[in-house]
Amino acid sequence: MLRSRMTKIPKHILPVIVIAQFFCTSLWFAGNAVMPDLVRSFDLSSSTLGHLTSIVQFGFISGTLLFAFLTIADRYSPSVVFLVSALIGASTNLGIIWQGNTLTSLLIFRFLTGFFLAGIYPVGMKIAADYFDKELGKSLGFLVGALVIPI
């Protein structure tokens with residue numbers, strides 16, 4: 001879905017991409033915010049906090065590798081990949097509040113959240129690159145900024 005250099009890009013495109021990326025990548029941090037409560041609610045040892053935090057990164061790395069290997073964002077519409085990944089990632093992140101969770105199920109939910117973040121963050125970059133060939137650095141700078149704002 002590359003745009004020709006002659007096509008005028010609507011001004012709202014970059015803010016929409018940045019806002020969507022901001023809200024969707026907050027999945028990464030939202031789970032971390034409730035981690036101490038999860039440890040207390042499910043009577044987990046404090047050492048599991050590190051596992052619950054790092055499994056998201058492992059899921060993201062695994063997802064990014066698989067998405068790239070299978071060229072998901074090139075085979076399918078990046079916007080659809082972004083949307084589906086956001087919905088599934090949000091659903092798996094919501095799964096951490098299920099009362100029947102065990103350490104294993106919490107790890108699986110956190111891994112899957114990270115896995116589907118791979119369909120959000122890198123794919124959001126691809127969407128921006130498809131729209132902005134001239135001001136790519138600026139648009140990617142805003143997207144990276146959207147990732148660090150929740151901190």
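Bear in mind these aren't lab numbers, they're just calculated from the coordinates by the rules spelled out. What you are looking at is a predicted structure, and each value in this text was computed from that prediction instead of being measured. Backbone-built Cβ (ideal geometry, glycine too); neighbour counts: all protein chains shown.
Within the straight-line cut-off of under 18 Å between alpha carbons, the aspartates and glutamates reachable from residue 8 are 130, 133, 135, sequence neighbours fewer than 8 places apart in one chain being disregarded. Residue order for 138, 8, 126, fewest other beta carbons within 10 angstrom first, comes to 8, 138, 126. Extension gain for residue 134 to residue 104 (0.36 nm times residue separation, less C-alpha to C-alpha distance): 6.1 nm. In the chain, helical runs assigned H by DSSP with n ≥ 4 each contribute -39500 (n - 2.57); averaged across all residues and rounded to the nearest 500, the mean residue ellipticity at 222 nm is -23500 deg cm²/dmol. Our estimate of slack between residue 8 and residue 65, defined as 0.36 nm per intervening residue step minus the Cα-Cα distance, is 17.1 nm. When the Gaussian network model of the chain links Cα atoms closer than 10 Å, the mean-square fluctuations of 82, 116, 132 top out at 132. Here the chain is assigned +1 on the Cβ of each Lys and Arg and -1 on the Cβ of each Asp and Glu. Its dipole about the Cα centre then comes out at about 520 debye. For the pair residue 144 and residue 88, label points projected 7 Å from Cα toward Cβ lie 2.8 nm apart. The ranking of 60, 29 from fewest to most other beta carbons within 10 Å of each one's beta carbon is 29, 60.
Relative contact order for the chain: what percent, with Cα pairs under 8 Å and sequence separation of 6 or more? Over the chain, the number comes to 38 percent.
Between 36, 78, 122, the Gaussian network model of the chain with springs among Cα atoms under 10 angstrom shows the greatest mean-square fluctuation at 36. Listing 80, 123 from fewest to most neighbouring C-beta atoms within 10 Å gives 80, 123.
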